[in-house]
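The values are calculated or read from the model by the stated rules, or taken from the named source; none is laboratory data. Worth saying up front: this structure is predicted, and the values here are computed from it rather than measured. When we count neighbours, we look across all protein chains shown, and the Cβ atoms used for this are built from the backbone with ideal geometry, even at glycine.
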């Protein structure tokens, strides 16, 4: 059963451990500042995230959807979750379907073997559902991982994404890419705007993630208006709206 309201520890030791894991690069690469990409990503994912896909397409872009397979067809904290037909339609429309573990476990609180097996179950379920392309990117549920864990997880994918903020430029960890969250807190919108504007001047790769997208989102999601605003801002700043795998390929990080 999915624990929709689980929250990782926010104690000071936990926060420090989280940042130490981010700072230790398991897959160090150099991201050039001669390009500017913005990737929009939707975790878990709710049916309403399709609204995000529609907005991205209207700006000649595509998004990534990190699919937790145990959530297929359920109703939870973000409303109705995706179904197989919706997922396959998004893939056919050019969007990226990424992996996100089967049971949405906390990868920092689980044994490495358990994490890897849960990821394998996720990938198997996605492929059995009819996905054409095996997922090449992964997002850690809750953004949680450990150094030794992310080293092993990265072996299964071309890239992995966390949730700690930062523009991916210069030395970055392809096993735990940085990104900016959008949720009910107005400050998250401001941080995303600032990141896009900064990267528009300096180059780099901005990744944004959220969950549901609607005029009246949950605390975990954002509005259609904010996604539209950020897409317009991204294009005006000169960004290419790419899926994570497309951006990584453009930067020469993967073949």
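Quick rundown of the values:
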| quantity | calculated |
| --- | --- |
| Residue check, residue 175 over 23 Å from residue 47 (Cβ atoms), in a helix (DSSP H, G or I) and at pLDDT 95 or above | no |
| Residues being surrounded by 23 or more Cβ atoms within 10 Å (Cβ to Cβ) and more than 18 Å from residue 120 (Cα to Cα) - total across segment 144-166 | 1 |
| Given (1) touching a residue at least 40 places away in the same chain (Cβ under 8 Å); (2) assigned to a loop (DSSP other than H, G, I, E, B); (3) in contact with a strand residue (DSSP E or B) (Cβ under 7 Å, 6 or more places away or on another chain); (4) closer than 28 Å to residue 224 by Cβ, number of the condition residue 164 does not satisfy | (3) |
| Total residues in segment 21-43, condition in contact with a helix residue (DSSP H, G or I) (Cβ under 8 Å, 6 or more places away or on another chain) and either farther than 20 Å from residue 230 by Cβ or part of a helix (DSSP H, G or I) (or both) | 5 |
| Filter result for residue 100 (at pLDDT 95 or above and within 26 Å of residue 153 (Cβ to Cβ)) | yes |
| Test: residue in segment 132-147 that is over 18 Å from the mean Cα position of the chain (by Cα) and more than 26 Å from residue 190 (Cα to Cα) | yes |
| Selected residue [surrounded by fewer than 15 Cβ atoms within 10 Å (Cβ to Cβ) and within 18 Å of the chain's Cα centre (by Cα)] from 7, 41, 11 | 7 |
